[in-house]
Amino acid sequence: MEQEQEDILISKRELFELEDYIRQMWQFLPIPIAFISPLGIILEVDEHLETLLGYPREELVGRSLLDYCSEKEKFAQIQERTLNGNPVKNNEECSFMNAQGQKISVGISTLARIDEELGEPVGYFIALWNITERKQTGERLQKSYDDEKGLRQELEAQIDKRIELTRTLVHELKTPLTPMIAASELLMEEVPDGPLFRLARSINKGAELLAKRIDTLIDAAKGELGILELVRTETDLLDLLHRIAEDATPLAYSHNQVLNAELPVSLPTVSADGERLRQVVVNLLDNGFKFTPEGGRITLRAEKKGDAIIIEVEDTGPGIPVDQQQHLFEAHYHVKSENKRGSGLGLGLALSKMLVELHGGKIWVESKEGKGSKFVFSVPLRSNTSRSPKH
Ligand code: ADP
């Protein structure tokens, strides 16, 4: 064995001089290289290979490289291929165990050295470079990707569940209200003015209010889930605003307030969901009536400004402290104040914001404590932004 080893042992320097491929590829690179006999015995190593495996040259030479490899079958195949004239070039990976018992991943290149006279391999060069860190980074990235994918799938499953729940809620909550509203309306028509009529009217009012609140809740849930959809048509906003003002006047009157509609003579039509924009304006007006004391004034304005229509609802109510204005459009937010008037779900402004943004517009508030509030929103003349519905 020793004799055989000596016979074919060629100094590394000599080999490097002989092998153009290796010289060109690796002479400047600190890449661990070994020369291995056809039987897999290490005949020579360089200092980089000593460092890589953590053993001194004296321990490595004479042993089989397979002893250090943790994927023995794979490595045996690489060796066989090399000796059969199919060198491995950069594209094989294998894992080894170093002296500290740590697993190291290496990339492998091999090149057989053929004895010219015999035409047979006298051994092969093997370069092993450490790719442990790169692999670990790759594995970490893969793990983060898998984790993220898992979380996303979980989230999507939860969203699907909530969508299903929202659909069930619409059905379960609204279905019993429809006959209540219809029956109370019928009663109001049938019975003469008196206690029974007032009872029917009270049932009707309560059921209508409940239906409205359920709608708000469901719309807000849909908005959060990204499934709130607009039904856009060419909409005459001026006509819509006139009708809203007309409908709201009796309400202002019942609160001893004045509703002013300062509307222009004309406005361009827009591609919008009229019913949804009505919801926004009505909500802003309702808030105006609710928070403004008796004798106050609520003003509805509209104008074309640049490439948008600006709609404003101004009141002479208590105003909103500057530090709280940024939270107004968050769901369930109520302004902290001593003389709180009325209380709702705290969803009106959050839903208004969703609806305005679905139209590609913006909504904001201008207010000073004690100086009234002005809620303003824009509707772009050209519809270019609309969140795509999820389902
Ligand atoms: P709610 O249904 O509770 O009125 P909104 O989202 O419409 O919910 O309004 C959120 C909060 O913003 C209200 O509870 C109130 O504190 C404040 N707010 C809204 N509009 C006005 C206004 N015109 N004047 C003063 N405060 C207002």
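Throughout, read-outs are computed from the coordinates displayed, never taken from laboratory work. What you see is a predicted model; the values in this text were computed from it and never measured. Glycine gets a Cβ as well: all are built from the backbone with ideal geometry, and neighbour counts include every protein chain shown.
Taking amide H as placed 1.01 Å from N in the peptide plane, Glu92 has its amide H under 5 Å from the amide H of Ile108, each at least 5 places away in sequence or on another chain. Taking the square roots of 5 times each eigenvalue of the Cα gyration tensor of the range 96-242, largest first, gives ellipsoid semi-axes of 79, 18, 12 Å.
With all pairs of different C-alpha atoms in the average, the Kirkwood value for the hydrodynamic radius of the chain is 28.4 Å. Principal semi-axes of the equivalent ellipsoid, √(5λ) from the alpha carbon gyration tensor of the range 176-275, are 31, 23, 13 Å from largest down.
Based on the reciprocal of the average 1/r between different C-alpha atoms, the Kirkwood radius for the range 61-126 equals 12.7 Å.
Close Lys pairs in the range 103-197, defined as Cα atoms under 22 Å apart and 8 or more places apart or on different chains, number 6. What's the long-distance tail for the range 221-286, i.e. % of Cα pairs beyond 15 Å? Here the tail beyond 15 Å accounts for 60 percent of pairs.
Our helix-only sum for the chain, with -39,500 (n - 2.57) per DSSP H run of n ≥ 4 divided by its residues, gives a mean residue ellipticity at 222 nm of -15000 deg cm²/dmol. By DSSP, the beta bridges lying fully in the chain are antiparallel in about 90 percent of cases. Taking amide H atoms as placed 1.01 Å from N in the peptide plane, the amide H of Glu369 lies under 5 Å from those of Ile320, Val322, each 5 or more residues away in sequence or on another chain. The equivalent ellipsoid of the range 234-391 has semi-axes of 25, 19, 13 Å, largest first, where each one is the square root of 5 times an eigenvalue of the Cα gyration tensor. Around the amide H of Ser271, modelled in the peptide plane, lie the amide H atoms of Thr235, Ser383, all under 5 Å away and 5 or more residues distant in sequence or on another chain. For the range 107-159, a Kirkwood radius taken over Cα pairs fed into Stokes-Einstein (4 °C, viscosity 1.567 mPa s) yields D = 86 µm²/s.
For the range 74-174, the pair-distance distribution built from all alpha carbon pairs, in bins 5 Å wide starting at 0, is 3, 10, 12, 11, 10, 9, 7, 6, 6, 5, 5, 4, 4, 3, 2, 1, 1, 0, 0, 0 percent.
Using the Cβ-Cβ distance between Glu92 and Arg152 with R0 = 45 Å, the FRET efficiency computed as 1/(1 + (r/R0)^6) comes to roughly 0.85. Taking a straight Cα-Cα cut-off under 24 Å and skipping sequence neighbours fewer than 8 places away in the same chain, the lysines within cross-link reach of Lys304 are Lys353, Lys362, Lys374. When +1 charges are put on Lys and Arg Cβ atoms and -1 charges on Asp and Glu Cβ atoms, the dipole computed for the chain relative to its Cα centre reaches about 2780 debye. Quick one, could you list the DSSP H helices from the chain stretching 30 Å or more along their long axis (Cα atoms) with average Kyte-Doolittle hydropathy of -1.0 or above? In the chain, the long hydrophobic H runs are 195-225.
D by Stokes-Einstein for the range 265-354, Kirkwood Rh over Cα pairs, 37 °C, 0.692 mPa s: 225 µm²/s.
Working from Cα pairs under 8 Å separated by at least six residues, relative contact order for the chain is 10 percent.
Computed over neighbours whose Cβ is under 10 Å from that of Trp364, the net charge equals +2, Lys and Arg +1, Asp and Glu -1. Placing a label point 7 Å from the Cα of Glu139 along the Cα-to-Cβ direction, the residues of the range 55-99 whose backbone N falls under 15 Å of that point are 70-71, 93-98.
Applying the Karplus relation 6.51 cos²θ - 1.76 cosθ + 1.60 with θ = phi - 60° to the range 256-271 yields 3J(HN,Hα) values of 6, 10, 10, 10, 9, 10, 9, 10, x, 6, 9, 9, x, 6, 10, 7 Hz, where x marks Gly and Pro.
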